[in-house]
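Computed from the coordinates by the stated procedures, all read-outs in this text should not be read as laboratory data. Everything numeric here is computed off the predicted structure, so don't read it as measured data. In this analysis, Cβ positions are derived from the backbone assuming ideal geometry, glycine residues included, and neighbour counts consider all displayed protein chains.
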Amino acid sequence: MSEVRIAVEQRTEFGKGAARRTRRAGKIPAVLYGHGSDPKHLSLPSVEFARAIRENGHNAVLTLDVSGGDSELALTKTITTHPIKNYIEHVDLLLVKRGEKVTVAVPVVLVGEAGPGGLVSQEITEVEIEAEALHIPEQLELSIAGAEIGTQLHASDIQLPAGVTLQADPEALVVNVSEAAASMAEEAAEAAEGETAEEA
């Protein structure tokens with residue numbers, strides 16, 4: 001997982017009115033907390049933060065260059081977006097240290113093609129893992145190559161990189177391969193044709 005550097009400012013005004021003024025200035029109100037330290041109220045540059053999340057995912061490690069202060073490492077904990085206008089209203093950031101392990105949700109991507117006639121259903125699209133903060137995988141791959149009808153793959157079937165441990169339920173169903181509807185329809189049609197021929 002890449003590290004992204006963002007220049008941020010400390011906020012001295014709080015409340016809804018102050019938050020609106022921050023957003024009008026092209027910035028996002030944010031709070032940085034963790035490790036027992038007092039929460040820091042920050043403003044993030046809207047364009048730079050949105051680009052960092054879009055290009056690196058929610059688990060990107062952010063190096064926050066705080067104006068008049070030190071740099072801090074942080075993970076995005078929660079992003080609150082406006083329900084109608086879809087802009088970012090607020091961000092919660094979690095303070096992390098180099099070498100520290102964190103628990104995060106990572107996308108699961110299917111690779112390969114299932115066997116003929118199989119309909120692949122992905123039941124869950126991400127799983128929780130524990131990894132070192134600066135080595136969070138962007139995604140986890142699960143192979144379905146040649147998977148036959150009736151195959152079920154669980155979280156425990158995902159190959160994890162070194163140093164990464166599964167925190168999700170190992171028995172959680174990730175992929176289910178069932179018979180494709182087209183194949184079932186064809187079988188039903190063939191059966192109906194057979195019955196018609198017998199009657200004739």
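Evaluated at q = 0.17 Å⁻¹, the base-10 log of the normalised Debye intensity for the chain, with identical point scatterers placed on the Cα atoms, takes the values -1.09.
Sites count as exposed loop sites when they are trypsin sites (Lys or Arg not before Pro), lie in a DSSP loop, and have at most 10 other Cβ atoms within 10 angstrom; the longest stretch of the chain without one is 99-200.
Let me have the 222 nm mean residue ellipticity of the chain computed from DSSP H runs of 4+ only, each contributing -39500 (n - 2.57), with the sum over all residues rounded to the nearest 500. Walk me through the numbers on the way to the answer.
Details: 3 runs with 39 residues, N = 200.
Theoretical 222 nm ellipticity from helices: -6000 deg cm²/dmol.
For Val164, the amide hydrogen comes within under 5 Å of no other amide hydrogen, counting only partners 5 or more places away or on other chains and with H modelled in the peptide plane. For Phe14, Phe49, the sequence from fewest to most other C-beta atoms within 10 Å is Phe14, Phe49. Short-range pairs are left out: with C-alpha atoms under 8 Å and at least six residues apart, the relative contact order of the chain is 17 percent.
How big is Rg to Rh over segment 30-90, alpha-carbon atoms, Rh as the Kirkwood inverse-mean-distance radius? Before the final figure, lay out each step's value.
Details: Rg = 12.2 Å, Rh = 12.7 Å.
Answer for segment 30-90: 0.96.
Distance from the alpha carbon centroid of segment 101-140 to that of segment 75-90 works out to 24 angstrom. Mean separation of Cα pairs under 8 Å and 6 or more residues apart, divided by the residue count, gives segment 3-97 a relative contact order of 32 percent.
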